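Values quoted throughout were computed directly from the atomic coordinates according to the rules given, and no laboratory measurement underlies them. Here the structure is a predicted model, which is why all the values come from computation and not from measurement. Ideal geometry is used to build each Cβ from the backbone, glycine not excepted, and the neighbour counts take in all protein chains shown.
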Number of protein chains: 2
Amino acid sequence: MINPNSFTNGIAVRAACRDGSWIKPTCGLAGGFAQANLVVLPKALAFDFLLFCQRNPKPCPLLDVTEPGDPMPRHVAPDADLRTDLPRYRVWRDGELVDEPTDLSRYWQDDFVSFVIGCSFTFESAMLRAGLPVRHIELGVNVPMFRTNIACRSAGVFHGPLVVSMRPLTPSNAVRAVQITSRYPSVHGAPIHIGDPSAIGISDIARPDFGDAVPIHAVEVPVFWACGVTPQAAIMAAKPPLVITHSPGCMFVTDIRDEELAVG
Amino acid sequence: MINPNSFTNGIAVRAACRDGSWIKPTCGLAGGFAQANLVVLPKALAFDFLLFCQRNPKPCPLLDVTEPGDPMPRHVAPDADLRTDLPRYRVWRDGELVDEPTDLSRYWQDDFVSFVIGCSFTFESAMLRAGLPVRHIELGVNVPMFRTNIACRSAGVFHGPLVVSMRPLTPSNAVRAVQITSRYPSVHGAPIHIGDPSAIGISDIARPDFGDAVPIHAVEVPVFWACGVTPQAAIMAAKPPLVITHSPGCMFVTDIRDEELAVG
């Protein structure tokens with residue numbers, strides 16, 4: 001039985017994923033190191049998807065993109081192997097989930113391009129360090145996520161609505177949260193909306209499209225950030241012949257410290 | 001004879017370029033609107049170049065990238081036509097300059113992808129507004145630019161050294177310049193170096209590789225920013241069969257206000 005506290009950096013988490021001894025979510029592991037979403041696509045779709053990310057940087061903040069066929073994310077973790085170093089993957093064919101393997105050996109292709117996309121853990125850590133409450137973490141549930149009526153800028157075959165995550169805050173904490181998360185543009189950055197859910201097409205804040213509902217107290221307002229589910233939803237809508245992603249919560253742990261992602 | 005002061009926005013500049021009445025540099029036109037570098041490449045090279053820009057965001061800050069064949073930069077200037085709306089272009093075949101047309105009608109291909117890349121005019125305007133001196137503007141010459149010994153991250157066929165521009169400042173103004181230009185990550189952002197030129201492989205600060213030398217006063221230090229010549233140098237080194245760029249100084253004037261590019 002592995003003690004999660006023994007994972008003090010990305011190298012340790014990745015080694016345990018690689019040898020099969022860690023196949024669970026990575027939340028809370030290797031504190032201080034940035035975790036990331038993974039999308040793996042054949043080269044034929046890679047230009048369109050790279051363009052989709054370029055055009056929608058808030059939901060799709062790229063931390064690294066590999067050369068075709070190269071399984072090593074040389075910028076964010078030079079010794080890592082994206083085929084083995086996540087706890088669990090999802091394999092999608094024509095938009096259907098067909099497998100959830102713990103390594104990609106059976107599926108790897110020489111034309112695969114891997115996209116390492118920033119995740120909200122980094123800015124949530126910064127909020128917690130600043131003393132702001134993060135409701136879903138307090139409650140031990142998943143962050144509530146909602147489809148909005150804001151269209152992403154499309155790129156080739158990829159298009160879809162912006163998906164957002166929501167964290168309730170008092171108005172003064174919402175101001176602090178804008179300041180704090182603005183420092184992390186490569187992990188979704190500043191909120192995209194504060195307040196009225198209906199203004200961005202959310203009809204019922206108590207019923208998220210993904211994740212779990214959390215209570216919003218009387219003095220609080222909902223604060224919305226662009227969410228990494230956005231690119232996944234755009235990919236699934238395009239139903240590509242083959243795409244691989246991380247399994248929810250089973251992120252890629254990089255060698256980049258959260259603070260290296262801060263600007264200003 | 002057109003009065004440059006009559007150009008109050010990008011639409012006006014672009015219309016004059018389109019009808020052939022303006023074929024000169026755009027410096028100082030349409031104050032407050034962001035100007036941009038242009039690179040046009042066939043689709044076959046576009047993934048590699050997009051990846052090069054993603055990996056080197058300080059020298060290659062993308063403001064917009066078109067769909068293949070689409071001459072309209074729909075994010076930064078929805079009604080513009082990149083084939084006609086710059087004063088002058090350069091056409092390169094196998095790394096050799098072969099033409100400097102004022103429009104691209106003869107050269108346009110259905111597989112062309114256009115890259116609109118942020119330029120330093122935006123952060124220089126912000127420096128001037130904050131009362132900081134910008135030496136080459138004071139002197140009416142081109143900014144001095146230098147090849148460094150810092151390698152860009154390569155991508156496919158594209159590789160090369162980081163090219164920097166230099167502006168001399170007093171140390172306290174250098175601190176202010178860091179603060180001010182950090183707000184504009186999509187137009188090169190914060191400096192990459194302050195002080196000793198030899199630390200980044202520049203042997204003679206009085207002899208720039210591109211542009212004009214400017215004096216550095218006794219109390220000043222040289223401050224270096226990533227420069228938009230970097231991607232052009234990487235492209236020329238790769239000697240692609242065909243690439244089109246703007247002619248030096250003859251930029252694409254967007255509809256984006258400089259202040260829209262500010263963060264934080």
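Put simply, the amide H of residue A:99, placed in the peptide plane, has neighbours under 5 Å in A:91, leaving out anything fewer than 5 places away on its chain. Angle, helix A:43-55 long axis vs. longest principal axis of chain A, Cα atoms, 0 to 90°, nearest 10? Rounded to the nearest ten degrees, it is 20.
Using the Cβ-Cβ distance between residue B:8 and residue B:79 with R0 set to 25 Å, the FRET efficiency works out to roughly 0.95.
Shielding by partners for peptide B:59-65, expressed as the average number of C-beta atoms from other protein chains within 10 Å of each residue's C-beta, is 2.
If you take all other residues with their beta carbon under 11 Å from the beta carbon of residue B:77, and give Lys and Arg +1 and Asp and Glu -1, the sum is -3. In this structure, residue B:217 and residue B:159 have a Cβ-Cβ separation that, at R0 = 22 Å, corresponds to a calculated FRET efficiency of about 0.05. Listed by chain and number, the aspartates and glutamates whose alpha-carbon sits under 16 Å from that of residue A:58, ignoring those within fewer than 8 places in the same chain, are A:124, B:64, B:260. For chain A, the list of Cys residues with no other Cys C-beta under 4.7 Å reads A:17, A:27, A:119, A:152, A:227, A:250. Sorted shortest first, the separations between the residue A:28 label point and its copies elsewhere in the assembly read 6.4 nm; each point sits 7 Å from Cα along the Cα-to-Cβ line. At q = 0.07 Å⁻¹, what log₁₀ I(q)/I(0) does a Debye calculation on the Cα points of chain B give, no solvent, two decimals? Debye intensities relative to I(0), on a log10 scale: -0.23. Look at where the Cα atoms of the range B:34-108 and of the range B:134-186 average out, and the two centres are 22 Å apart. The ranking of B:188, B:136 from fewest to most other beta carbons within 10 Å of each one's beta carbon is B:136, B:188.
Counting, for every residue in A:46-54, the Cβ atoms of other protein chains within 10 Å of its Cβ and taking the mean gives 5. What the Kirkwood sum gives for the range B:22-173 is a hydrodynamic radius of 17.3 Å, with every pair of different alpha carbons counted. Its Cα gyration tensor gives the range B:121-231 an equivalent ellipsoid; the semi-axes, largest first and in whole Å, are 22, 16, 13. Other residues within the sphere of radius under 11 Å centred on the Cβ of residue A:87, judged by their own Cβ, net out at +1 (K and R +1, D and E -1). Taking 21 Å as the limit for the C-alpha separation, the pairs B:43/B:239; A:43/B:43; A:43/B:239; A:43/A:239 exceed it in the case of A:43/B:239.
When the alpha carbon coordinates of the protein assembly as shown are projected onto the principal axes, the ranges are 73, 48, 47 Å, largest first.
In this structure the amide hydrogen of residue A:150, modeled in the peptide plane, comes within under 5 Å of the amide hydrogens of A:162, none closer than 5 places in sequence on its chain.
Which of the peptides B:91-103, A:43-55 is most tightly packed, and how do the rest follow, going by the mean number of other Cβ atoms within 10 Å of each residue?
Listed from highest to lowest mean packing, they are A:43-55, B:91-103.
Projecting 7 Å from Cα along the Cα-to-Cβ direction, the label point of residue A:237 sits 3.9 nm from its equivalents in the other copies, listed shortest first.
Between copies, residue B:218 shows label-point distances of 7.0 nm, shortest first, with the point placed 7 angstrom from Cα along Cα to C-beta. Expressed per residue, the C-alpha convex hull volume of the range B:184-253 stands at 142 Å³. Helix-only arithmetic for chain B: the sum of -39500 (n - 2.57) across DSSP H runs with n ≥ 4, divided by the residue total, places the mean residue ellipticity at 222 nm at -6500 deg cm²/dmol.
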